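See structure below.
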Amino acid sequence: MNQTELRRMLIEKAKKGTRVQEVFKQADPMLAAYAFMVSRPFNEGKCITTLRTKAEETRKLITYFCNEIERISKLDVQETGEYSIYIWEKSSLLGQDEGVFVYHDAIALRDEDIEVLIDCDCNLWDEKVIKTLENNRLYNCSTEEMASFNVPQPVIDKYGIDVCCGLLLQYTNCYSSIINRTQDNYINTIKEYVNRAKSNEYAYISRLKQDILFMPHDKDMIDYRLITHAYERSISDVEKRINKKYIQDDFGSLIKQIRVSIG
C-alpha cells in the first residue's frame with residue numbers, strides 16, 4: 001500500500017467514527033465510571049488502611065467522574081478531526097507473586113503518526129516510533145480539545161461506548177485533582193530498556209573486580225560473591241527478555257488495532 005492510498009483510506013475511515021464529546025453524551029455515567037476503575041489497579045501506589053476509607057474514596061471517585069462526564073457532554077466544542085484515539089492494551093507486572101495485569105490506556109494519533117507506526121520498515125526500537133508514541137496528544141491537551149478528537153468505529157465496536165468514555169476519564173482534570181498520582185510514563189520504560197540493551201558490560205565487570213579485591217580473602221566468601229553475581233546477572237538477562245516481550249506485545253496490540261481501524 002503506497003502513501004497516497006494509505007492517506008485516502010485514513011481520510012475515509014476518519015469519517016466513520018464518533019467524536020469524544022458524543023461518546024461522553026451516549027455513555028452511561030455510572031457504567032463509564034466503573035469501567036475506568038476496573039481498567040487498572042485501583043489506588044495504585046497508595047496505601048488504603050481500612051475498608052471504610054476505600055469505600056468512601058470509591059464513592060467520591062464515582063461522583064466526580066459522573067459530574068465530569070456531564071460537564072464534557074455540555075462543552076462548546078469545535079470540530080477539528082485532526083486526532084484519532086485508540087485504546088492501547090498494555091501489560092504491567094504487579095509484583096513477584098501477583099502475575100501480570102493487562103490494563104488499558106488511550107493514545108491520540110494524527111494521520112502522519114499512524115503512517116509512521118504501520119510502516120513495515122519501522123519497529124518499536126526505531127527513534128521515529130519512540131518519538132511518535134512519546135508525543136501522545138492526550139498528555140498535554142485541554143479537555144475541550146480532547147472532546148473534539150475522533151474515536152474510530154472499530155475501536156467503539158470492540159470496547160463499547162461506556163468503556164471508551166471510562167478510559168478517557170484519566171485525562172480529565174477531575175482525575176488528577178482527586179488522586180495524587182502521575183501518569184505512568186510507558187515511553188520512559190521503553191527508552192530505559194533500549195539504553196540498557198545498548199550498554200556494554202563494563203559496569204558489571206568493574207563491580208565484580210571491586211567486590212573481589214576489597215573483600216576478605218576467604219574462599220567461601222569469594223565463592224559466595226561469585227555465585228551471587230552470576231545469579232544476579234542471569235536474573236537480569238531473564239528480566240530483560242520478559243520486559244522486551246511485554247513491550248513488544250503491547251506495541252503489537254496497538255498496531256493491530258490501528259490496522260483494523262484503517263482497513
Counted charge near TYR159, where neighbours are those whose Cβ lies closer than 13 Å (Asp, Glu -1; Lys, Arg +1)
-3
With every protein chain kept in place and a 1.4 Å probe, the residues LYS90, LYS128 fall, from largest accessible area down, as LYS128, LYS90
Mind grabbing the accessible area of ILE235 for me, 1.4 Å probe, Å², rounded to tens?
60 Å²
What figure in square angstrom, to the nearest 10, would you give for the accessible area of GLU134 with a 1.4 Å probe?
80 Å²
What are the residues whose amide H is under 5 Å from the amide H of GLY17, where those residues sit 5 or more places off or on another chain and H is modelled from the backbone?
GLN153
Accessible surface ranking that places the most exposed of CYS165, CYS141 first, with a 1.4 angstrom probe:
CYS141, CYS165
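How would THR63, THR132 line up by accessible area, probe 1.4 Å, largest first?
Per-residue accessible area, sorted high to low, gives THR63, THR132.
The values are calculated or read from the model by the stated rules, or taken from the named source; none is laboratory data. All of these numbers come straight from a predicted model, not from anything done at the bench. Note that we place each Cβ from the backbone using ideal geometry, even for glycine, and neighbour counts take in every protein chain shown. Surface accessibility is based on the protein's heavy atoms, side chains included, excluding ligands, DNA and RNA. Shrake-Rupley method; radii C 1.70, N 1.55, O 1.52, S 1.80 Å.
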